[in-house]
Amino acid sequence: MKIPYTTEIREDTGLYNAKVGMWLFLASEAMLFGALFSAYVFLRIGAWEGEWPHGLLNIPIGAFNTLVLITSSLTVAMSWTSLKMGDLQRYRRFQFVTLICAAAFLGIKGWEYFDKFSHYEIWLNDPLTSKEYPQLAGHSADGDQPVSSVIGHIEGIGPFQTLASLQESGASAVEIHPDAFHYRLSARQQAERRKAERSLGAEGAREAAEEHASVRIDVSRIARMSAFVPRHGTFFATYFTLTGLHALHVLGGALMFAFILWPGARMWRDDPERYTNSVEVTGLFWHFVDLVWIFLFPVIYLL
Amino acid sequence: MSSHEPGFIRKYIFSTDHKVIGIQYALTSLAFLFVGLMLMLMMRWQLANPGQPVPVVGGALESLLGEPAGEGKISADLYNSFGAMHGTIMIFLGVVPLVFGAFANYLVPLQVGAADMAFPKLNMLSYFLYLIGGIIMLVSFFVPGGAAQAGWTSYPPLATIIPTDGQIYWLVAMVFLITSSLLGSINIIVTVIQLRVPGLAWMRLPFFVWSEFVTAFLLLLAFPPMEAGAVLQLMDRLAGTSFYMPHGLILSGQPATGLSGGGSPLLWQHLFWFLGHPEVYVLILPAMGIVTEVIANNTRKPIWGYRALVGSALAIGFLSMVVWAHHMYVTGMGTGISMFFQTTTTIISIPSVIIMTCLMLSLWGGSIRFSVPMMFAIAFLPMFGIGGLTGLPLAFTMSDVALHDSYYIIGHFHYVVAPGTIFAVFAGIYYWFPKVTGRHMNQSLGYLHFWGSLVCMNLIFFPMLFQGLGGMGRRMSDGGYIYSAAHPSNEGAIGSLSDAVMQLNGVIAWSALALAAFQLPFIFNFFYSAFAGRRVESDNPWQATTLEWQTPTPPPHGNFAQEMFVYREPYAYSLCHSAQAETPTPESSAAVGEFVDFETQNQSIAAAATDELLVNQVSPA
Amino acid sequence: MSDMSPSPALSIAAASQAGAQELRREQKRYLAVYAALTVGTTLTVAMYYVHFDALWQTVSVALVIAAAKAACVAAIFMHLWHGQRDVYRLLFFTGVFAATLFALTIYSLFSLPGSGHYLR
């Protein structure tokens, strides 16, 4: 029993079965990521003033990841044309690079995630003024405003700590190294403050050094403490969900390519056309994953 | 070479043959429909006799479910979980797998002339994902806290804060079911696009194939946003995020702690109903397809308005994606957006009416054969008509605000699904049973099943319309007693539920029991006839014209013994030659091996001619 | 599906010398797209440091650049440039439905009382 058009194309559609199937699957994936993007916009528009972080994600790393993924898209396309030309060796080499890129992407993502998990925000019961704590100058829009939350890295504790776990461990205070700027400041405000600092010259440099010094906060003054984890707020919830789901798709695509490259390579001997088609169809999925990242990166990292 | 014959496991359990998979879907979904029916019986009992121990099964309930069913009574929490699971099981585990998984899987490859689906292995995977999802749903009854209790619509914040683990199982099972649906719809679409035999142009497809094609697109494009929403709700439950949890949430009089807030329950509603509305068209479109097939066959004439039917199905498919927020009129959306959805919802009623009109006009001038499938198909028309008409007040915001979440809604949608889709399903089962098994179902039991179901369904759901208009709300575990005039605290209150409205609960409960009883002849008939029913006299006992009847009975692996070619429109009844794919010249029929049967059958029909229309179409061989 | 010739793999290449030429041209197109994407990414990041007056301007510029990159990937890497009408139709309707979900969900926020001030 033979099913037609598994490799040869049907004249009136110009496509073979697996290609139609993959495009349909990509349409459903487009709806999936589209819904998540809608959720992102919905939550961002509905967010309260000052609650949507900006500038907390590492842009050079994100840009590098973008280039890594774009490179992998290129190598996938090149590997398919190599197969079409009958060159199994070049195909293998290109796919190897693809898999390296995928691993790099996931590795960098994992590093980003881990960095976030150790990056804290502490909400205070009563605000601190940046007059008493000059290190917090970057936490308020105008140098004097009191600051009700501090973000930065905390000395001596691991990731995923909360107020509850702090209290359980019996610590009486935490030493937090505040970030240069609080996310409450808009990009424009941060740029203005940087400009102002630069104009201060040597004094500015000293102030900058002090900003990285730590602030000691008593546990009793803490209203809430959270690392930049999904439960921190809707921004990180969306960030982790969107990039996490995307990363799962990268992993899935990479596993498919690996399967076709090694165990599945038997098909090249028996049915090279079908083998080439399977690479093309998986490539379609891979390019789609790249497409999603092309939108994800500016929307989440930059906007 | 070793024998090619696969073993029992390969042939019947892990089969990639679309017919076996279709039967697997059918048996599994019918079993789930039965579970849903049992849940409904217990719910209706509770509503008619609040706080009383359930007779017969009360003891079993208690031993199975423990404390929520203490002393054999259905507690409020248990009632809520029954309600949520009744809806979920009926829709996602019962009707959709039946009309889409079973009927489409079995019939679409046959009706397009293909040997199997485009991706047989994917088809098998779809079934097992469905089965796993279904098992997870059933298992959820026995986990701490019981099954999901926040309605089949699973609205947050309740669905997030409710301590029952069953909610997580519900969400996980939904992901399995959605994946199964996605893979199945990809299969159907590719099969219809790529595997149609030569001569089978788009406008020669049976309307059933068109309806399943549009349904597949609805499943493909509408399910993912709900999957996204389910993932977000899982994150809320498991990772403590606040996708759906707003600021300032007060739980049991205390401000919620440990939540960041900033989310919106409205987000879930949008994502859910974006699926939820196309979902109901998924429930009805295949049913309309089945009814079309049965009516065409049993009136012995072509369906009236084939092009209108196809155009309407496509229009319904498109429009169903832009009407979803008519489920959200009472959320406080402004008038602008409500007006938009009100308009699109009213517009979508037009193609539905066109379809129903075409089907009704098809009856005119037909030589109607009142077989059991035809009874169900004819009854479908007024029953779906009532369902559709009762939907009109719900399309308009001003009337919906009064009727939302009342029993009127329950009456409306059950009319569409129960004497609507389920009747179409019964019609399809009685109609195609001879092709699948090679035996007829018993007619007398069929008529008994039909009349009993028709009367009981109307006795159940028509009163609900009045209850809703009388102010009874849905999802109340005591049947509205707390708001009724009989309740001591409502002495002299205006607008409490009248005794008449409350007494209808009793009528409904008894009718529900009767309805369940009338399914027994069907269940017996179904299984008995499969093994010991009267054998079919030919491969085409209903004398139908579509391709699935041009195969041996039951169809073998690979379906058609030779290359098929289609010459005519699908319902070419009472024209020169009756079959869609029959070769036009009698001389070449000798070379067309298996049509010999059909020719002989034609002659035997002529010999036993009681149907004048058929006699005319037999060509002198 | 395997044919009888000794090396099925070679038969693909041998099947068309002209085909191989076309494939090499295709590969050049891939490299051109790669260059374009790299430029696009640089633009995207650079745009981050430019401050626009209104949010809608920032969003539009970002989305236009992203859409241009996406079009390159879809057309060339995903072979849509070769003209497959059915796929175009599918993508069109998917786009319409996704846009509807997006637009109406967001619009519903603005029709709530007291909302809509976040964009200004």
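The values are calculated or read from the model by the stated rules, or taken from the named source; none is laboratory data. Here the structure is a predicted model, which means the values were calculated and not measured. Note that each Cβ is placed from the backbone with ideal geometry, even for glycine, and that neighbours are counted across all protein chains shown.
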Hey, A:Thr81 hits all of (1) in the same structural domain as A:Phe285 (by TED's automatic domain parsing); (2) under 30 Å from B:Val175 (Cα atoms) but one; which does it fall short on?
-> (2)
Single residue of B:Ala48, B:Ala31, B:Ala76, B:Ala84 found to be touching a residue at least 12 places away in the same chain (Cβ under 8 Å), hydrophobic (A, V, I, L, M, F, W, C) and within 30 Å of B:Gly428 (Cα to Cα) = B:Ala84
Matching residues in segment A:46-94 - criterion: being at the interface with another protein chain (Cβ under 7 Å from one of its Cβ atoms) and under 17 Å from the mean Cα position of the chain (by Cα) = A:Ile59, A:Ala63, A:Thr66, A:Leu67, A:Ile70
Given the conditions (1) within 30 Å of A:Glu8 (Cβ to Cβ); (2) surrounded by fewer than 23 Cβ atoms within 10 Å (Cβ to Cβ); (3) within 11 Å of chain A (Cβ to nearest Cβ); (4) touching a residue at least 24 places away in the same chain (Cβ under 8 Å), report the number of the one that B:Met203 does not fulfil.
-> (3)
Any chance segment B:385-405 includes a residue that's among the aromatic types (Phe, Trp, Tyr), crowded, with 18+ Cβ neighbours inside 10 Å and touching a helix residue (DSSP H, G or I) at 6+ places or on another chain (Cβ under 7 Å)?
-> no
Matching residues in segment B:230-288 - criterion: being within 11 Å of chain A (Cβ to nearest Cβ) and of a type in the set (D, E, K, R) | B:Asp236
The condition from (1) of a type outside the set (A, V, I, L, M, F, W, C); (2) crowded, with 24+ Cβ neighbours inside 10 Å; (3) more than 9 Å from chain A (Cβ to nearest Cβ) that B:Thr191 misses is numbered (3)
Can you tell which of A:Tyr275, A:Tyr301, A:Tyr239 is within 13 Å of chain B (Cβ to nearest Cβ) and either farther than 23 Å from C:Thr44 by Cβ or not β-branched (Val, Ile, Thr) (or both)?
-> A:Tyr239
Could you grab me the full set of residues in segment A:96-116 that are more than 17 Å from A:Phe288 (Cα to Cα) and not aliphatic (A, V, I, L, M)?
-> A:Phe96, A:Gly107, A:Lys109, A:Gly110, A:Trp111, A:Glu112, A:Tyr113, A:Phe114, A:Asp115, A:Lys116
Checklist (1) at pLDDT 95 or above; (2) touching a helix residue (DSSP H, G or I) at 6+ places or on another chain (Cβ under 6 Å); (3) in a helix (DSSP H, G or I) applied to B:Leu78, failing item | (1)
Scan segment B:553-577 and report the pairs whose first residue is crowded, with 19+ Cβ neighbours inside 10 Å and whose second residue is acidic (Asp, Glu), with Cβ atoms within less than 7 Å and a gap of 6+ or a chain change.
-> B:Thr553/B:Asp539
Quick check: anything in segment A:6-18 out of contact with any Gly (no Cβ under 8 Å at 6 or more places or on another chain) and part of a helix (DSSP H, G or I)?
-> yes
Before we move on, is B:Gln543 in contact (Cβ under 8 Å) with a residue 60 or more places away in the chain, touching a Leu at 6+ places or on another chain (Cβ under 8 Å) and farther than 23 Å from B:Pro419 by Cα?
-> yes
Could you list, in sequence order, the residues of segment A:90-121 that are touching a helix residue (DSSP H, G or I) at 6+ places or on another chain (Cβ under 7 Å) and under 30 Å from A:Ala180 (Cβ atoms)?
-> A:Ala104, A:Phe105, A:Leu106, A:Ile108, A:Lys109, A:Glu112, A:Glu121
Every residue from segment A:99-111 that is free of Cβ contacts under 8 Å to residues at least 60 places away in the same chain and surrounded by 14 or more Cβ atoms within 10 Å (Cβ to Cβ) = A:Ile100, A:Cys101, A:Ala104, A:Ile108
Residue set A:Ala103, A:Ala137; condition at pLDDT 95 or above and in a helix (DSSP H, G or I); output residue A:Ala103
Yes or no: B:Trp432 among the hydrophobic types (A, V, I, L, M, F, W, C), out of contact with any helix residue (DSSP H, G or I) (no Cβ under 6 Å at 6 or more places or on another chain), buried (at least 21 other Cβ atoms within 10 Å of the Cβ) and closer than 24 Å to B:Met383 by Cβ?
-> yes
Based on what the data block shows, is A:Gly55 in contact (Cβ under 8 Å) with a residue 12 or more places away in the chain and outside any helix (DSSP H, G or I)?
-> yes
In segment A:261-272, how many are in contact (Cβ under 8 Å) with a residue 60 or more places away in the chain and more than 8 Å from every other protein chain (Cβ to nearest Cβ)?
-> 1
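Okay, residues lined up against (1) touching a residue at least 24 places away in the same chain (Cβ under 8 Å); (2) away from chain C (no Cβ under 14 Å):
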residue: A:Pro127; (1), (2): no, yes
residue: A:Ala137; (1), (2): yes, yes
residue: A:Gln145; (1), (2): no, yes
residue: A:Gln167; (1), (2): yes, yes
residue: A:Val174; (1), (2): yes, yes
residue: A:Leu185; (1), (2): yes, no
residue: A:Arg188; (1), (2): no, no
Give me the pairs, please: first residue somewhere in segment C:63-89 and within 9 Å of chain A (Cβ to nearest Cβ), second residue anywhere and among the hydroxyl-bearing types (Ser, Thr, Tyr) and surrounded by 12 or more Cβ atoms within 10 Å (Cβ to Cβ), beta-carbon distance under 6 Å, and either six or more positions apart or on two chains.
-> C:Ile65/C:Thr44; C:Phe77/A:Ser73; C:Asp86/A:Thr13
Quick one: B:Thr299 ticks every box in (1) more than 24 Å from B:Glu227 (Cβ to Cβ); (2) touching a residue at least 12 places away in the same chain (Cβ under 8 Å); (3) within 14 Å of chain C (Cβ to nearest Cβ) bar one, so which box is it?
-> (3)
Test B:Thr343 against the stated conditions and say whether it is within 14 Å of chain C (Cβ to nearest Cβ), surrounded by fewer than 22 Cβ atoms within 10 Å (Cβ to Cβ) and either in contact with an Asp or Glu (Cβ under 7 Å, 6 or more places away or on another chain) or modelled with pLDDT under 95 (or both).
-> no
